Amino acid sequence: LARQRLLIKGGKVVNDDHSVVADVYVEDGVVQQLGPNLNPQPTTGLIVLDATNKLVIPGGIDTHTHMQFPFMGSRSKDDFYTGTKAALAGGTTMIIDFAIPQKGCSLIEAFDTWKSWADPKVCCDYALHVAVTWWSKQVKEEMKSLVENKGVNSFKMFMAYKDLYMVNDEELYEAFSCCKELGAVAQVHAENGDLIALGAKKLLAMGITGPEGHEMCRPEEVEAEATQRAITIANAVNCPLFVVHVMSKSAARVISNARREGKVVYGEPIAAGLGTDGTNYWHKDWGHAAAHVMGPPLRPDPSTPGFLMNLLANDDLSVTGTDNCTFDICQKALGKDDFTKIPNGVNGVEDRMSVVWEKGVYSGKMDENRFVAVTSTNAAKIFNLYPKKGRIAVGSDADIVIWDPSATRTISAKTHHQANDFNIFEGMVCHGVPVATVSRGKVVYEGGAFSVTAGEGKYVSRPPFPPYVYKRVRQREQV
């Protein structure tokens, strides 16, 4: 295979800390040179992309996806092929998915299963978080093995989905302690699963069976309480905490306050929560309402997306994911008479970058550098991928997006590449569009056309003890 050589000319290179007009020369999938008026030789076989009047940004890292996920009696529509292809079209060049074992089952087997699904299909690089859904000596040993042998440095615990994935406080304490010993980042889905189960029973008994019941049985306080509890338990063992899909003002405030108190905690709002709201659960069309069902739910308070974006812009919240987990109208209809049976999940892997640009940068809440931080760099730092990922610099992986801040596009299920028949951002006009996406030094998407094959992406190992997270933790341990 001829070495692909690439020159990106005349664009403004935007990293999280500064922007500079410069050319970028790429060879062997890595950035080799960065500077004005580069003229790499020989010119034969050199692919040149003109980025004049455009931004050249690090490819997005989506910290939260669920491709081909078997869940709630169904399986999510986007598999590792359609999902990662859609990601590339939206300017995302790496996803981190979740390997989730059933209670009592092996974490290593779950990891191997997910990897066997992903490897032949992925169009972009990926990594795997692993979920801890129960606790035992075996789980502890397997966590150690995953960190040492499989390149895993993050584990997710569910405080919701009672009797399916949920763990109790004692199990959380054990899992957090183990993460801390291993140098991994502990993640939580923060909702009070006991209260949700009781609330759902009560609503169904009252005859409330529609999608609005989903939000009513898991109101904001249930998310805020669990977020506070997780932070308290993590702080007790000096373990860094990453709260996934922060959906409400109250949960976001809890994280913000904890950070002010010096706790090592990171919050991840998602595209859905930044781009739309939970008023959709009361929509008169059942299919429309059900299409927005996800856990934790979108919030009916319409000022929530702007509030979350302000916190994201000011570093109270740290990164953006999508929780991309798509189910079509037929799959959602499994819950037509009972909201607790509607498969939870929405789209976003293709839309995230444009939604964050539109609601964050175009609206004046954040600048281009902060945009790069929250869509790519901070994720790379937290999960120990930096500076290979999340930065455009000599020696970094050539995961690069040419971004046109003045172009617009209208999001629609008719034109998106996600495998779903519904898009929760339908009709949203976004300023800021990826013109070309480069993955590992290869132009994989340009002007609406793909040149990528299944399996071209690679699994990326992540070493433990990410310095960005653990420097403070280690120092506190000594003190």
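The values are calculated or read from the model by the stated rules, or taken from the named source; none is laboratory data. In this text, all values refer to a predicted model and were calculated from it rather than measured experimentally. Cβ sites come from the backbone with ideal geometry, for glycine too, and all protein chains shown count toward neighbours. Ligands, DNA and RNA are stripped out before the accessible areas are found, and what is left, the full protein with its side chains, is counted by its heavy atoms. Shrake-Rupley method; radii C 1.70, N 1.55, O 1.52, S 1.80 Å.
The table below gives the values:
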{"read-out": "Filter result for Lys381 (within 19 Å of the chain's Cα centre (by Cα), of a type in the set (Lys, Arg) and not in a loop (DSSP other than H, G, I, E, B))", "value": "yes"}
{"read-out": "Cβ pairs under 7 Å, 6+ apart, first in segment 62-77 and farther than 21 Å from Ala89 by Cα and modelled with pLDDT of 95 or more, second hydroxyl-bearing (Ser, Thr, Tyr) and open to solvent by less than 50 Å² (accessible area, probe 1.4 Å)", "value": "Phe69/Ser76"}
{"read-out": "Test: residue in segment 21-39 that is open to solvent by less than 40 Å² (accessible area, probe 1.4 Å) and of a type in the set (D, E, K, R)", "value": "yes"}
{"read-out": "Matching residues in segment 447-460 - criterion: being touching a strand residue (DSSP E or B) at 6+ places or on another chain (Cβ under 8 Å), open to solvent by 50 Å² or more (accessible area, probe 1.4 Å), of a type outside the set (Lys, Arg) and in contact (Cβ under 8 Å) with a residue 60 or more places away in the chain", "value": "Phe450, Glu456"}
{"read-out": "In segment 110-154, residue farthest from Asp397 (Cα to Cα) [restricted to those that are in contact with a Pro (Cβ under 7 Å, 6 or more places away or on another chain) and part of a helix (DSSP H, G or I)]", "value": "Ala110"}
{"read-out": "Strands (runs of 3 or more DSSP E) contained in segment 1-81 and holding at least 3 residues more than 20 Å from Asn369 (Cα to Cα)", "value": "5-14, 19-27, 30-35, 46-50"}
{"read-out": "Tally of residues being of a type in the set (D, E, K, R) and either farther than 25 Å from Phe371 by Cβ or not in a loop (DSSP other than H, G, I, E, B) (or both) across segment 268-300", "value": "2"}
{"read-out": "Boolean, Met206 is without any contact (Cβ under 8 Å) to a residue 12 or more places away in the chain, over 19 Å from Val473 (Cβ atoms) and open to solvent by 20 Å² or more (accessible area, probe 1.4 Å)", "value": "yes"}
{"read-out": "Filter pass, Met366 being open to solvent by 10 Å² or more (accessible area, probe 1.4 Å), free of Cβ contacts under 8 Å to residues at least 60 places away in the same chain, out of contact with any Asp or Glu (no Cβ under 7 Å at 6 or more places or on another chain) and of a type in the set (A, V, I, L, M)", "value": "yes"}
{"read-out": "Residue list for segment 159-179, filter: under 15 Å from Thr232 (Cβ atoms) and within 23 Å of the chain's Cα centre (by Cα)", "value": "Met159, Leu172, Ala175, Phe176"}
{"read-out": "Enumeration of residues in segment 369-382 that are surrounded by 22 or more Cβ atoms within 10 Å (Cβ to Cβ) and closer than 14 Å to Pro58 by Cβ", "value": "Phe371, Val372, Ala373, Val374, Thr375, Ser376, Thr377, Asn378, Ala379, Ala380, Lys381"}
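Conditions (1) crowded, with 24+ Cβ neighbours inside 10 Å; (2) polar (S, T, N, Q); (3) in contact with a strand residue (DSSP E or B) (Cβ under 7 Å, 6 or more places away or on another chain), marked per residue:
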| position | (1), (2), (3) |
| --- | --- |
| Glu268 | yes, no, yes |
| Ala272 | yes, no, yes |
| Thr276 | no, yes, no |
| Asn280 | no, yes, no |
| Leu298 | yes, no, no |
| Thr304 | no, yes, no |
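Yes/no matrix, rows are residues, columns are (1) outside any helix (DSSP H, G or I); (2) more than 30 Å from Leu7 (Cα to Cα):
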site	(1), (2)
Ile402	yes, no
Ser412	yes, yes
Pro434	yes, no
Tyr445	yes, no
Gly457	yes, no
Ser461	yes, no
Pro464	yes, yes
Val469	no, yes
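Per-residue answers, yes or no, for (1) touching a residue at least 12 places away in the same chain (Cβ under 8 Å); (2) open to solvent by 10 Å² or more (accessible area, probe 1.4 Å):
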{"position": "Ser145", "(1), (2)": "yes, yes"}
{"position": "Val152", "(1), (2)": "yes, no"}
{"position": "Met157", "(1), (2)": "yes, no"}
{"position": "Tyr165", "(1), (2)": "yes, no"}
{"position": "Asn168", "(1), (2)": "no, yes"}
{"position": "Tyr173", "(1), (2)": "yes, yes"}
{"position": "Phe176", "(1), (2)": "yes, no"}
{"position": "Val185", "(1), (2)": "yes, no"}
